[in-house]
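Below is one structure, written out as structure tokens; the observations come after it.
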There are 2 protein chains.
Amino acid sequence: MPDLHLLSPHGFRAAGIRAGIKLSGKPDVGLLVCDTLASAAAVFTTNKVIAAPVKVGREHVAAGRLRAVVVNAGNANACTGARGERDAKRMCALAAHAVGCEPKHVLPSSTGIIGHHLPMEKLERGIVDAGRSLGRDQEHALLFADSILTTDLTRKAAATEFRIGRQNVRLAGVCKGSGMIGPRMALPGKHATMLAYLTTDALITPALLRRLLAEAASGSFNAVTVDDHMSTNDTAVVLASGSSGVKIDSTRARGAFAVALNEVCRSLAHQIAADGEGATKVVTIAVKSAASDDAARRIARAIANSPLVKCAMHGNDPNWGRIVSAAGLAEAPFDPDRCILTLQGTVVFRNGQPVAFDAEKLSAELRAKEVRVELTCRLGKGAATCWTCDLSKEYVTINADYHT
Amino acid sequence: MPDLHLLSPHGFRAAGIRAGIKLSGKPDVGLLVCDTLASAAAVFTTNKVIAAPVKVGREHVAAGRLRAVVVNAGNANACTGARGERDAKRMCALAAHAVGCEPKHVLPSSTGIIGHHLPMEKLERGIVDAGRSLGRDQEHALLFADSILTTDLTRKAAATEFRIGRQNVRLAGVCKGSGMIGPRMALPGKHATMLAYLTTDALITPALLRRLLAEAASGSFNAVTVDDHMSTNDTAVVLASGSSGVKIDSTRARGAFAVALNEVCRSLAHQIAADGEGATKVVTIAVKSAASDDAARRIARAIANSPLVKCAMHGNDPNWGRIVSAAGLAEAPFDPDRCILTLQGTVVFRNGQPVAFDAEKLSAELRAKEVRVELTCRLGKGAATCWTCDLSKEYVTINADYHT
């Protein structure tokens, strides 16, 4: 199904327009609208520094109902005080006016530089423009997907169509994220800048949608890291129009919906890792038989976040000592004398001992777009997978001169 | 006192020789010997993957008495199983024979690549050579300091002479460390590759030396981070010869000794940050009035370890949003609406609001060898300082091709 996109689920329109916020002149204001009052759920950053749109968005999604999402790229509206909150609310009011709904039914998002006030004149014109540019076709889906990008080099989208009984349901999403990626998003109340917007035409309650989104996020967006720098703005939101008429109420329907949601979220998360700032490859870290799932997650994350591991991966260097030592520094049970480490399927370390391997051959195998690191701990039944990218000179170029 | 060095404290000899372990052909085996059975204390890595020399060293220092330290660079003897432990013990036996002491009074250290067995033939000849080359002058102190280096570009040493009553006491140290630097060393029993060797001619008990070393390490070595990758081999050891005859037994003497020890350890830690792989500057992160010292430390470390902050520092970019957001992701109380952030003394963020500043002027001020980030939390009385370096393309060059 090559043509599925964000607007394939019935009942949605979108727009992406140029408001002049990005210096590049690319699309920077997006509007996603549901024809009806959608069942909605969202997860947000757990950083203690929370951008204004996240504060407002948490309130607006609390009742589980949304009509629209309004997004700008190029400015994060974070660390902007009371004025920032007023600006975020004004974005909602403008979008609500354009859509014909209440401001509380609009979720705002912003991404870009921290600590600058939003250029409200540009945004006001932009949101009005976006409201006039809404459409239901793939072109509009793509414009929306483009409008949310910052340092991203590629547009990120995933979509699926699945059957529940004899009926088809569609679920789709777009996201952005390339740097400042180390999301640990949770439902509001407990409390990444990655942004993800998901649409579905399933008929599902906000409570169930919330639970399934939280589960899907933990195995997808929350498992991707570029720089482990959790953002002030990370947001993933799903809107369910109900337009398919297919109720997600049976165990079977819930299962099918969860599978589709997980699949789309994992695809989007993988696309973030692949487009990580300066990335030339995706590194998948799979930790198995750890003491617990949480232990596995901590170990996988410690490996994924080591600059030494990431540089070795960039250099196609089977320097596995960096991987084992990173596993050992995680706050989790780990015993090098029991573990087995493989790189691209080749065992390099087992039971506390190095295993001889053909370093040239393995180095050649590491010159791939997809690298798999698998660590078997033999301590329990915990497992976790996370995705990262290599660390290149290009990462430094991108980040040493983003502001000035 | 420009001429103080590792062997200024009375009662010590040292050697550094070329054993051919380093491909560069530079000195790679060091021997430090106390004339008498020294009072000794050491702190070691808390990684769960522990190199063989650390396992052996923990046992040997447990009784608080050492005659010698034997070190090789170029090979970490980590992840080398039972054979690795035998090799570490053999290093001690060889050094003991050269010195004329028991093997249990020798602490072994190794640093370099993980997962390779030590080239024992080279080491055997090397240690014998070192035993024959021992001397008491500055040249020997420098040779020892050089023999422990790996990717370091500079030799690291610090020394002081202080008075207790009317008598002079000397305390000195050398260290190595440039990459895989994120030590969190603790006394053995609880359980960082940076290596530090300290000498003093004070007369002090092992118990007091242990306690003062642990305190000094937490404010110095454990407060420096290059890549937050705690090594399998980190070790800091202090040997007290007692040759000055000055007892550290009064509160006043203990205070003076602690001040000297802290000063030397902090100088060495700062030198590690300055010589961090690819570093062009040292960034000091000072967190004040946090909820607790531990909270301050977590916040300082989150800032120091953010690749985004480190790249901004490399680019002389006053992109303070990265600093505030890094503080917010630390597992510690933090309230952006209360804090004050200064860069090189210029307030950039206060009470949740951006503060206008001259970006070009501040960027020019960031082009310094020493950059100071100060974050006042206004939540309590906790404080911590840590040192890191900027992240440059050179870091990637060094680490993408170290192994192959």
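The values are calculated or read from the model by the stated rules, or taken from the named source; none is laboratory data. This one's a predicted model, so the numbers in the text were calculated from it and none came from an experiment. Cβ: placed from backbone, ideal geometry, glycine included. Neighbour counts: every protein chain shown.
Matching residues to (1) within 14 Å of another protein chain (Cβ to nearest Cβ); (2) in contact with a strand residue (DSSP E or B) (Cβ under 7 Å, 6 or more places away or on another chain):
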{"site": "A:His229", "(1), (2)": "yes, no"}
{"site": "A:Val238", "(1), (2)": "no, yes"}
{"site": "A:Asp249", "(1), (2)": "no, no"}
{"site": "A:Arg252", "(1), (2)": "no, no"}
{"site": "A:Val282", "(1), (2)": "no, yes"}
{"site": "A:Ala286", "(1), (2)": "no, yes"}
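Within the range B:313-328, the residues that satisfy the criterion of being closer than 20 Å to B:Arg350 by Cα and either facing another protein chain (nearest Cβ under 8 Å) or surrounded by fewer than 24 Cβ atoms within 10 Å (Cβ to Cβ) (or both) are B:Asp317, B:Pro318, B:Asn319, B:Trp320, B:Gly321, B:Arg322, B:Val324, B:Ser325, B:Ala326, B:Ala327, B:Gly328. All conditions in (1) within 8 Å of chain A (Cβ to nearest Cβ); (2) of a type in the set (S, T, N, Q); (3) under 28 Å from the mean Cα position of the chain (by Cα) hold for B:Ser292, with the sole exception of (1).
Under the condition of being crowded, with 17+ Cβ neighbours inside 10 Å and at negative phi, the residues counted in the range A:163-185 number 16. Take the conditions at pLDDT 95 or above, at negative phi and surrounded by 19 or more Cβ atoms within 10 Å (Cβ to Cβ) and apply them to B:His229. Does it pass? So B:His229 fails the test. For B:Leu212, the conditions (1) crowded, with 24+ Cβ neighbours inside 10 Å; (2) more than 23 Å from A:Leu308 (Cα to Cα) are fulfilled apart from (1). Within the option set B:Ala157, B:Ala145, being under 30 Å from B:Leu23 (Cβ atoms), within 17 Å of the chain's Cα centre (by Cα) and in a strand (DSSP E or B) holds for one residue only, B:Ala157. If the condition is being at the interface with chain B (Cβ under 7 Å from one of its Cβ atoms) and buried (at least 19 other Cβ atoms within 10 Å of the Cβ), then the range A:389-399 contributes A:Leu391, A:Ser392, A:Val396, A:Asn399.
Evaluation of A:Cys386 against the conditions (1) buried (at least 23 other Cβ atoms within 10 Å of the Cβ); (2) assigned to a loop (DSSP other than H, G, I, E, B); (3) more than 7 Å from every other protein chain (Cβ to nearest Cβ); (4) of a type in the set (A, V, I, L, M, F, W, C) shows that the sole unmet condition is (2). The sole residue among B:Ser289, B:Ser250, B:Ser241, B:Ser267 that is small (Gly, Ala, Ser) and surrounded by 21 or more Cβ atoms within 10 Å (Cβ to Cβ) is B:Ser241. For the condition in a loop (DSSP other than H, G, I, E, B) and either surrounded by fewer than 16 Cβ atoms within 10 Å (Cβ to Cβ) or in contact with a strand residue (DSSP E or B) (Cβ under 7 Å, 6 or more places away or on another chain) (or both), B:His140 does not qualify.
Which of the following residues is assigned to a strand (DSSP E or B), of a type outside the set (Asp, Glu) and within 7 Å of another protein chain (Cβ to nearest Cβ): B:Phe334, B:Phe349?
Values: B:Phe334 fails: assigned to a strand (DSSP E or B).
It is B:Phe349.
Residues satisfying the criterion are absent from the range B:85-100 (criterion: in a helix (DSSP H, G or I), touching an Asp or Glu at 6+ places or on another chain (Cβ under 7 Å) and under 22 Å from B:Thr151 (Cβ atoms)). Confirm whether A:Gly115 is modelled with pLDDT under 95 and either small (Gly, Ala, Ser) or farther than 20 Å from A:Gly173 by Cβ (or both). Spelling it out, A:Gly115 is indeed modelled with pLDDT under 95 and either small (Gly, Ala, Ser) or farther than 20 Å from A:Gly173 by Cβ (or both). Condition first: of a type in the set (S, T, N, Q) and at pLDDT 95 or above. Can you find one or more residues in the range A:185-193 that meet it? There is no residue in the range A:185-193 that is of a type in the set (S, T, N, Q) and at pLDDT 95 or above.
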